[in-house]
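Shown next, in structure tokens, is the structure this report addresses.
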Amino acid sequence: MKIRTMENEIHMDSFRSWGADATAMAFGEVYTALQQNTIDGLENPFTPIYQNKLYEVAPYITMTGHFYCPAPLLIAKTTWDKISSEDRQIIQELADKYKDTERQMCRDYDEENKKIMIEEGATVIEDVDKSLWREAAQPVYDTYSAEIGTEFLDSIQAVINGR
């Protein structure tokens, strides 16, 4: 299957480890590519699938949990350097204070969007043996663990596994 991924070597290598033809493609081209069978599928959280109506042309959504997708607060260094130290401190305190709220809001949006897509005809498959995905992707972990750091990878696994 041709699966659209971001142009990211870890993503592409992961999909190859699962037997897919990893196809890097700009997100704006995905709907039409699905419609024209240029690609067979994609990977994304519920919210972008819903917001871009991708479930209209890819109505089967399988919950594999294959990537952790954080939504970080980003500020360009040139902008950050222009902000007073007092304001930087306030921004940092608020980011720390509300990060859990933001993460919960993302989960809530995903659940609401999943519900709407199901009501509109999408099929969500949640009963997936994720250990098989992890096992098949082990060579990707092995390849990138030195670059990324095993401690960091372990911390991501802890978040995913609710530890």
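Against the list (1) under 27 Å from I39 (Cβ atoms); (2) assigned to a helix (DSSP H, G or I); (3) within 17 Å of the chain's Cα centre (by Cα); (4) of a type in the set (S, T, N, Q), the condition Q104 fails is (1). Consider the range 34-45 and keep the residues that are over 17 Å from the mean Cα position of the chain (by Cα) and free of Cβ contacts under 8 Å to residues at least 24 places away in the same chain. The one that is surrounded by the most Cβ atoms within 10 Å (Cβ to Cβ) is Q35. For the range 46-55, the set of residues classified as part of a helix (DSSP H, G or I), without any contact (Cβ under 8 Å) to a residue 40 or more places away in the chain and not hydrophobic (A, V, I, L, M, F, W, C) consists of P48 only. Only one of the listed residues (P70, P48) is open to solvent by 60 Å² or more (accessible area, probe 1.4 Å) and either closer than 26 Å to A136 by Cα or under 15 Å from the mean Cα position of the chain (by Cα) (or both). That residue is P70.
Restricting D142, D129, D100, D81 to those that are open to solvent by 80 Å² or more (accessible area, probe 1.4 Å), modelled with pLDDT of 95 or more and out of contact with any helix residue (DSSP H, G or I) (no Cβ under 7 Å at 6 or more places or on another chain) reduces the list to D81.
Residue count for the range 105-126, restricted to those that are under 30 Å from D81 (Cα atoms) and modelled with pLDDT of 90 or more: 1. For the residues A76, A95, the requirement of being surrounded by 10 or more Cβ atoms within 10 Å (Cβ to Cβ) and over 16 Å from the mean Cα position of the chain (by Cα) singles out A95.
For the range 121-158, residues that are within 23 Å of N8 (Cα to Cα), out of contact with any His (no Cβ under 6 Å at 6 or more places or on another chain) and either of a type outside the set (G, A, S) or part of a strand (DSSP E or B) (or both) total 20. Here I118, I91, I75 are screened, and the one residue that is farther than 18 Å from Q51 by Cβ, without any contact (Cβ under 8 Å) to a residue 40 or more places away in the chain, of a type in the set (A, V, I, L, M) and in a helix (DSSP H, G or I) is I91.
The values are calculated or read from the model by the stated rules, or taken from the named source; none is laboratory data. Just so we're clear, the structure is a prediction, and the values are computed from it rather than from any experiment. Neighbour counts run over all protein chains shown; Cβ positions are idealised from the backbone, glycine included. Remember, those area values only see protein heavy atoms, side chains included, never the ligands or the DNA or RNA. Shrake-Rupley method; radii C 1.70, N 1.55, O 1.52, S 1.80 Å.
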